Amino acid sequence: MTTLESRPLRIGRIDYTNVWPIFHGFDETRLDCEAEIVYGMPAELNRKLRDGEIDVAAVSSFAYGLNSDQYLLLPDLSVSASGTVQSLLLFLKSPLEKVRFGKIMLASTSATTVNLLKIVMEKFFGGQPEYEVAEPNLEAMLEKADAALLIGDHAIRASWEDHGYRVLDLGELWNAWTGLGMTFAVWAVRRDAAKLRPEAIASIYRELSVCKRRNASDREPIIREAVRRIGGTPSYWQGYFDGLSHGFGAREQAGLSLYFQYALELGLMDAPVLMERWSDSIHA
């Protein structure tokens, strides 16, 4: 039977464009420890981190909040935005007044985005719509609803279409109402892994930080990859990546704390969230 002390560290990796500025170029063979990459969709990796099947991952903010007693935050790593994010979009077929108490189709089980939408609808717009999950096909979704939420690459592609729907950007709405940024994902390490394998976690963190700095100084590789795999123009992707922040400073922390506060007030979470940082300072 393998144990955490003897097996390779498992790193969860989402292949969404919004995490490329940190993950692009990450090479586990450069680490000072044995490690393996586990690819998956956000909901799958959220579950695996919670259950101890992986040790480190970019995890959705809401999933982190639900299990914060099991995790530590890797410093200065996140997927955040201080305004327009371009990949969390609510497409309105009906006027907003109707949408507030109508039906919204959700193309994703991403708890962070779905609960951000619920916060926006209830706290900001005073509404209580009905929600239903569907496959991410905009036209099919809007046949049965007043609005549809798309995230990630599906939202980006739909935003390029000439569909005529009003489009609300959830990052922009959050910033307009709160004056803060919104953090959609954080990098977390399980507390047991941090305790038992501190040197290995330090090595993983250093490699992630190196990749982040390199991608920030030269965005051309990830822009080319986005055009090749998803479409669009280099100028679109330049603007998209410009709108994202991958640090986790005081402004991002304040925005995420408010998000957790609202989620608690609306009964979306049962307990306050611990936002405790892992530190590799003793290993520097």
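On the given criteria, is S68 assigned by TED's automatic domain parsing to the domain that holds W278 and buried (at least 22 other Cβ atoms within 10 Å of the Cβ)? Answer is no for this residue. When we screen L116, L106, L45, L74 for residues that are surrounded by 20 or more Cβ atoms within 10 Å (Cβ to Cβ), closer than 30 Å to A193 by Cβ, aliphatic (A, V, I, L, M) and not assigned by TED's automatic domain parsing to the domain that holds A188, the only hit is L116.
Would you confirm whether or not the stretch 27-41 contains a residue that is crowded, with 24+ Cβ neighbours inside 10 Å, closer than 24 Å to A216 by Cα and assigned by TED's automatic domain parsing to the domain that holds V227?
no
So for the stretch 40-47 (the condition being closer than 15 Å to V189 by Cβ and either modelled with pLDDT of 90 or more or of a type outside the set (F, W, Y) (or both)), does at least one residue qualify?
yes
For the stretch 246-263, a residue qualifies if it is touching an Asp or Glu at 6+ places or on another chain (Cβ under 8 Å) and not small (G, A, S), and exactly one does: F248. For the stretch 46-68, the set of residues classified as of a type outside the set (A, V, I, L, M), under 19 Å from N115 (Cβ atoms) and in a helix (DSSP H, G or I) consists of N46, R47, R50, S61, F62, Y64, G65, S68, listed by residue number.
Starting from residues that are of a type in the set (G, A, S) and part of a helix (DSSP H, G or I), keep the ones in the stretch 238-268 and report whichever is surrounded by the fewest Cβ atoms within 10 Å (Cβ to Cβ).
My answer is A250.
Name every residue in the stretch 271-283 that is in a loop (DSSP other than H, G, I, E, B) and touching a residue at least 24 places away in the same chain (Cβ under 8 Å), in order of residue number. Of everything in the stretch 271-283, those that are in a loop (DSSP other than H, G, I, E, B) and touching a residue at least 24 places away in the same chain (Cβ under 8 Å) turn out to be V273, L274, M275, E276, W278, S279, D280. The requirement of being of a type outside the set (V, I, T), within 20 Å of W20 (Cα to Cα) and not assigned by TED's automatic domain parsing to the domain that holds S209 is fulfilled somewhere in the stretch 129-151, by at least one residue. Assessment of the stretch 19-28 against the conditions (charged (D, E, K, R), more than 30 Å from Y262 (Cβ to Cβ) and assigned to a strand (DSSP E or B)) yields no matching residue. Take the conditions (1) hydrophobic (A, V, I, L, M, F, W, C); (2) more than 21 Å from M182 (Cβ to Cβ); (3) crowded, with 16+ Cβ neighbours inside 10 Å; V79 misses just one of them, which is (2).
Being in contact (Cβ under 8 Å) with a residue 24 or more places away in the chain and under 16 Å from P21 (Cβ atoms) is a property that F184 has.
Every listed requirement among (1) closer than 25 Å to D69 by Cβ; (2) exposed (fewer than 15 other Cβ atoms within 10 Å of the Cβ) is met by S235 save one, (1).
Are any of the residues in the stretch 231-250 hydrophobic (A, V, I, L, M, F, W, C), touching a residue at least 24 places away in the same chain (Cβ under 8 Å), closer than 30 Å to L4 by Cα and in the same structural domain as Y71 (by TED's automatic domain parsing)? Taking every residue of the stretch 231-250 in turn, at least one turns out to be hydrophobic (A, V, I, L, M, F, W, C), touching a residue at least 24 places away in the same chain (Cβ under 8 Å), closer than 30 Å to L4 by Cα and in the same structural domain as Y71 (by TED's automatic domain parsing). Taking the listed residues L117, L142, the one that is closer than 30 Å to R277 by Cβ and touching a residue at least 40 places away in the same chain (Cβ under 8 Å) is L117, with no other qualifying. Out of E135, E122, one residue alone is of a type in the set (D, E), modelled with pLDDT under 95 and either surrounded by fewer than 23 Cβ atoms within 10 Å (Cβ to Cβ) or on the phi > 0 side of the Ramachandran plot (or both). It is E135.
The values are calculated or read from the model by the stated rules, or taken from the named source; none is laboratory data. Everything quoted here is computed from the prediction, not taken from an experiment. No Cβ is skipped: glycine too gets one built from the backbone with ideal geometry, and neighbour counts run over all protein chains shown.
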